[in-house]
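Below is one structure, written out as structure tokens; the observations come after it.
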Amino acid sequence: MRKIKIAGLSLFNGHARMYFSFLMNSPMFDLVGVSVSPENRSRAFLHKLPGIPVYPTDEALLDAHPEVEAVVIAGPNYQNLDRVRLCAARGLHIYMMKVPTMQMDEYAEMERIVKETGIIFQVELQMRFIAMTRRLKKLIDEGAVGRVISIHATNMTHCIASWFTWVGDGIGSYGKDVPVRPGEKLLRGGAITDHPHIFDMMRYLTDSEYEYVYADCAPNLRKDMQVEDSVCILGRMKNGVMVSLDPSYSRMENPMTPLGPLGPGWEQYPRRVEVNYTVTGEKGVILVDCYNSGMYHTANPNHSYTMMPSHEDYHFERMMEDFYRCVCEKKTPVVTLEGHRPTIEVMNACYESISRQEPVYL
Amino acid sequence: MLLTKEQLKTCTDVTGQEIVYRDGHYWMKRDAREYLLMPWRANKRLSNMRTCILDGSVRDISVMKSECVVQRCFPLSSLAAKELDICEWVLDDRIAEVFALTDETHVFHLIGRMKSGRRITIDISNNLHENVRETERHEVISSNGSLVDLPVGMQLATEDIYAFTADCEHPQVFSEVILGQEFYTREQAAIIRDVRSLLLNEKELETRESRMDELQRIVHAAFLSSKELKRKEIQA
């Protein structure tokens, strides 16, 4: 099997360690190096990457390794466009974290670059690969509950802003400081921005696009965080399916120290992630818990009841395998930049709705 | 689960008051008048939740989430009224504004703003078969902790006892309480306890009629909100 020479640009993203753990031992990829800026070095998980060269800038990494064919961009959202420009200019295929950018002018610029250069650009959306959503989609398509009337979905998580500070920063996450409502201190860039999956899943499950959304923002749970952490959304798809979405950071966490335990100890609420669906059809109801598999313990460091996620379904690996096939066989990824656009648009529509306090049509 | 006629008659016999089921609610008939029963207020998990809020154990509440997946026999409007009452009662707060989406038959989704600025969300689906046990989940989320009445990670409410007997394909299940010397279902026990508490509290008895009117006014506003796609303010 041919191995793709791949590099990691920035390790400053919550999902990054999942990918790099896989890349370290993959038969498909040869991880040749990573770039980590000196100021972020202490927050990265370099101890998990023994023997992998670390460079202080993306340019230094790519100059030192002209053999690189593809990259994983795993940095703050606001830096993504610059990285896309850099990599596309060198003809490198890109595996991008879930939010390429929330700024639609930047998004259009990325689309133009990808189209002109012809590189493979895959957006990571793990819910498209997870067994539970695939099975749910199959059940819906087979008519298990008849015509779908409504989907209530949650993507409730903890917040990693104490580890990766840009996540809790208006510019770092959203690209600019925009108050959620006129005159308020609270900024866009929090729970909605960090949870594109739930918005994408409604498109995937219903085979339809959003008609309108109404969103509201509850008082923030984390009083010292700049961006919104508690939101609720109602909407309707163009095919008539109603949706009720909760992408809040409502699973409270202990502050994460940069090199602290990347596992037990984060949680105040026993589960750090909950992704659930209630699908109501004309003939019945389907309930789904996508992260049901866990190992429960009361061990160190807090001796509090905690679930350690223990997925049997290695969806992060499958996403990278899909990227491998797309690069080798010049195939179209499951989630392209263009295909992801309506999801980013509806997330922005939610912010508009919070600001205007009325439904926003897409 | 909807009580059977026999179970309802037992409630009548035990309390000495005629209990009837109408329009999705249980009512107590007394002196030619009907009084709304709110058996959910006798639900210990919900009353404990309310106590934790009233005594300040849980502070800086951001949102209360209510999710119900119940049987087809329960009308949507009565389920909505029940959940609205639970939110106001548990939070000891009043709903100031609602935005809702509903098909008026099987699903009801609501975002509400409370007088205090907290938010509530209600998601109801009533398309389960009559013989399947309903699942309800209420969660209060605050800066210093969460309160939830379904075990973390559970999609369905569990029973207290599962008896896998020799000749049964499916287990016999029991979730009961004992009042006096007899076994009652949790639903029966909640009704009996609510009736008994009302009989001891004439003042509360008198407010039940007006309470139903208040709740119906909010439900009506929610349904109107869904039709017009507009937020609706709830006048005090």
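The values are calculated or read from the model by the stated rules, or taken from the named source; none is laboratory data. For clarity, every value in this text was computed on a predicted model and none was experimentally measured. Note that we place each Cβ from the backbone using ideal geometry, even for glycine, and neighbour counts take in every protein chain shown.
For the reader, a short list of remarks on this structure follows.
Residue by residue, here is whether (1) over 11 Å from the mean Cα position of the chain (by Cα); (2) closer than 24 Å to residue B:125 by Cα holds:
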| site | (1), (2) |
| --- | --- |
| B:41 | no, yes |
| B:54 | yes, no |
| B:61 | yes, no |
| B:68 | no, yes |
| B:73 | yes, yes |
| B:93 | yes, no |
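- Flag if residue A:165 is under 23 Å from residue A:127 (Cβ atoms) and not assigned by TED's automatic domain parsing to the domain that holds residue A:81: no
- Residue that is surrounded by the most Cβ atoms within 10 Å (Cβ to Cβ) [pool: residues in the range A:2-24 that are more than 20 Å from residue A:60 (Cβ to Cβ) and in contact with a Cys (Cβ under 8 Å, 6 or more places away or on another chain)]: A:4
- Taking the range A:59-88 as the range and being within 22 Å of the chain's Cα centre (by Cα) and over 20 Å from residue A:112 (Cα atoms) as the test, the residues that pass are A:74, A:75, A:76.
Let's see how each residue does on (1) hydrophobic (A, V, I, L, M, F, W, C); (2) at pLDDT below 95; (3) surrounded by 19 or more Cβ atoms within 10 Å (Cβ to Cβ):
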| position | (1), (2), (3) |
| --- | --- |
| B:18 | no, no, no |
| B:29 | no, yes, no |
| B:34 | no, yes, no |
| B:51 | no, no, no |
| B:61 | yes, no, yes |
| B:70 | yes, no, yes |
| B:89 | yes, no, no |
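- Residues within the range A:121-176 that are without any contact (Cβ under 8 Å) to a residue 60 or more places away in the chain, under 20 Å from residue A:315 (Cα atoms) and either crowded, with 22+ Cβ neighbours inside 10 Å or not charged (D, E, K, R) (or both), tallied: 0
- Entirely in the range A:1-79, the strands (runs of 3 or more DSSP E) that have 2 or more residues that are closer than 18 Å to residue A:89 by Cα: A:4-9, A:70-73
- Candidate set from the range A:141-165 (those that are of a type in the set (Val, Ile, Thr) and out of contact with any Asp or Glu (no Cβ under 9 Å at 6 or more places or on another chain)); member that is farthest from residue B:106 (Cα to Cα): A:165
- A single entry from B:130, B:136 fulfils the requirement of being away from chain A (no Cβ under 11 Å) and part of a loop (DSSP other than H, G, I, E, B): B:130.
- Those residues of the range B:188-211 which are among the polar types (S, T, N, Q) and either within 14 Å of residue B:29 (Cβ to Cβ) or under 18 Å from the mean Cα position of the chain (by Cα) (or both), in sequence order: B:188, B:197, B:207, B:210
- Qualifying positions in the range A:300-321 - surrounded by fewer than 14 Cβ atoms within 10 Å (Cβ to Cβ) and either within 14 Å of chain B (Cβ to nearest Cβ) or over 30 Å from residue A:277 (Cα atoms) (or both): A:300, A:301, A:303, A:305, A:309, A:310
- From A:58, A:105, A:82, residue being within 25 Å of residue A:166 (Cα to Cα), touching a Leu at 6+ places or on another chain (Cβ under 8 Å) and not aromatic (Phe, Trp, Tyr): A:58
- Some residue of the range B:70-81 being within 17 Å of residue B:150 (Cβ to Cβ) and part of a strand (DSSP E or B): yes
- Residue ID - nearest to residue A:228 (Cα to Cα), chosen from residues in the range A:172-216 that are in a helix (DSSP H, G or I) and small (Gly, Ala, Ser): A:191
- Of all residues in the range B:101-158 being of a type in the set (D, E, K, R) and touching a helix residue (DSSP H, G or I) at 6+ places or on another chain (Cβ under 8 Å), the one that is surrounded by the most Cβ atoms within 10 Å (Cβ to Cβ): B:118
- Single residue of the range A:217-232 satisfying the filter (under 21 Å from residue A:153 (Cβ atoms) and part of a strand (DSSP E or B)) that is farthest from the chain's Cα centre (by Cα): A:217
- Criterion violated by residue B:94 - all others in (1) within 8 Å of another protein chain (Cβ to nearest Cβ); (2) charged (D, E, K, R); (3) in contact (Cβ under 8 Å) with a residue 40 or more places away in the chain satisfied: (1)
- Subset of the range A:37-56 [under 29 Å from residue A:105 (Cβ atoms) and either within 20 Å of the chain's Cα centre (by Cα) or loosely packed, with under 14 Cβ neighbours inside 10 Å (or both)]: A:39
- Qualifying residues in the range A:217-228 (those that are in contact with a helix residue (DSSP H, G or I) (Cβ under 7 Å, 6 or more places away or on another chain) and crowded, with 24+ Cβ neighbours inside 10 Å) - the one farthest from the other protein chains (Cβ to nearest Cβ): A:227
Residues are listed down the side, and each one gets a yes or a no for (1) touching a Lys or Arg at 6+ places or on another chain (Cβ under 8 Å); (2) in contact (Cβ under 8 Å) with a residue 60 or more places away in the chain; (3) assigned to a strand (DSSP E or B); (4) more than 10 Å from chain A (Cβ to nearest Cβ):
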| position | (1), (2), (3), (4) |
| --- | --- |
| B:84 | no, yes, no, yes |
| B:90 | yes, no, no, yes |
| B:104 | no, yes, no, yes |
| B:112 | yes, no, yes, no |
| B:116 | no, no, no, no |
| B:120 | yes, no, yes, no |
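Residue-by-condition table, conditions (1) closer than 29 Å to residue A:80 by Cβ; (2) modelled with pLDDT of 90 or more; (3) exposed (fewer than 15 other Cβ atoms within 10 Å of the Cβ); (4) aromatic (Phe, Trp, Tyr):
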residue	(1), (2), (3), (4)
A:250	yes, yes, no, no
A:257	yes, no, yes, no
A:283	no, yes, yes, no
A:295	no, no, yes, no
A:323	yes, yes, no, yes
A:335	yes, yes, no, no
A:344	yes, yes, no, no
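- Tally of residues being away from chain B (no Cβ under 12 Å), of a type outside the set (Phe, Trp, Tyr) and in a helix (DSSP H, G or I) across the range A:129-171: 15
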